[in-house]
Structure formats: C-alpha cells, structure tokens
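First comes the structure, then the notes that go with it.
The values are calculated or read from the model by the stated rules, or taken from the named source; none is laboratory data. Worth saying up front: this structure is predicted, and the values here are computed from it rather than measured. Here the Cβ positions follow ideal geometry from the backbone for every residue, glycine too, while neighbour counts run over all protein chains shown. Areas reflect the complete protein model, heavy atoms only, side chains present, ligands, DNA and RNA absent. Shrake-Rupley method; radii C 1.70, N 1.55, O 1.52, S 1.80 Å.
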Amino acid sequence: QVQLVESGGGLVQAGGSLRLSCAASGRTFSNYDMGWFRQPPGKEREFVARCNWSGSFTTYAESVKGRFAISRDNAKNAVYLQMNNLKPEDTAVYYCAARTAARQYAYWGQGTQVTVSS
C-alpha cells in the first residue's frame with residue numbers, strides 16, 4: 001500500500017503559478033512511476049503528467065506542455081507539479097497517483113483544488 005496526500009492547491013489569477021506537492025508513505029516510493037491527473041468541474045478525470053521512478057523521464061498532456069513541470073525527490077518521498085502561466089481552463093481537482101510495474105495507477109491521493117480566475 002502507498003498512501004498519497006496532495007497539498008498546495010488554491011486560488012490564483014490567470015498567468016500565475018502554483019506548486020503542488022504529493023507526499024507518499026508506505027511502500028518504497030522509488031518503486032513507482034508517479035503521475036498527476038486532474039478533474040475539471042463537470043468533466044472526467046484526465047492525465048496531466050508522469051515521471052518515471054527516477055524522474056529522468058517525463059511526459060505531459062499537450063494542454064500543459066511548456067507550462068507545467070513534474071519532478072520528484074525520492075529522499076523525501078515526494079512528487080511535485082510546478083504549474084506556470086495558469087489559465088482558467090486549468091481549474092480542476094488535481095490528484096497524484098502511483099503507477100505499479102503493471103502500468104496501473106493503483107494508488108491515489110484525495111486531491112487538491114486549483115482554481116484559476118480570469
């Protein structure tokens with residue numbers, strides 16, 4: 001089992017920045033690729049970003065490329081999402097998730113709300 005807790009959400013004006021954090025506990029954090037997802041109001045959850053176990057490989061949704069950056073610190077059992085140049089359409093509940101060797105996101109946090117005002 002891996003327990004995940006997100007933090008860092010809030011209200012920000014368009015063009016601003018936020019840094020989300022996800023603290024992990026339980027099994028060895030470095031065993032897992034980590035992802036960030038979001039669920040906008042009234043919409044389905046969507047992929048945002050992923051990094052491999054070391055953070056050396058990252059991938060992003062097209063909608064956030066060049067604005068968001070995922071990173072991790074295995075010594076601190078944490079993964080981060082730096083979000084710059086935020087847009088109103090980035091408003092969503094953001095979740096971190098741990099991906100197992102079977103490439104399934106088996107563990108999820110409770111989410112943190114990000115609201116971007118225009």
Probe 1.4 Å, protein heavy atoms only - accessible area per residue of the chain in square angstrom: 52
Given a 10 angstrom Cα cut-off, can you work out which residue in Leu20, Leu81, Leu11 is the most mobile in a GNM of the chain? Leu11
Taking H placed 1.01 Å from N in the peptide plane, check which residues at least 5 places from Phe68 or on another chain put their amide H under 5 Å from its amide H. Asn84
In 10 Å bins starting at 0, how do the alpha-carbon pair distances of the chain split up by percent? 15, 51, 29, 5, 0
Expressed in nm², what is the orientationally averaged projection area of the convex hull enclosing the Cα positions of region 1-45? 4.5
Sorted by average packing, counted as other Cβ atoms within 10 angstrom per residue and highest first, what order do 61-74, 88-101 take? 88-101, 61-74
With springs only between Cα atoms under 10 Å, which of Gly15, Gly26, Gly42 fluctuates most in a Gaussian network model of the chain? Gly42
Please report the carbon-and-sulfur percent of the accessible area for the chain; probe 1.4 Å, protein heavy atoms only, DNA, RNA and ligands left out. 46
Net charge within 12 Å of Phe68 by Cβ-Cβ distance, Lys/Arg positive one each and Asp/Glu negative one each, not counting Phe68 itself? +4
Restricting attention to the chain, give the cysteines that have no other cysteine Cβ less than 4.7 angstrom from their Cβ. Cys51
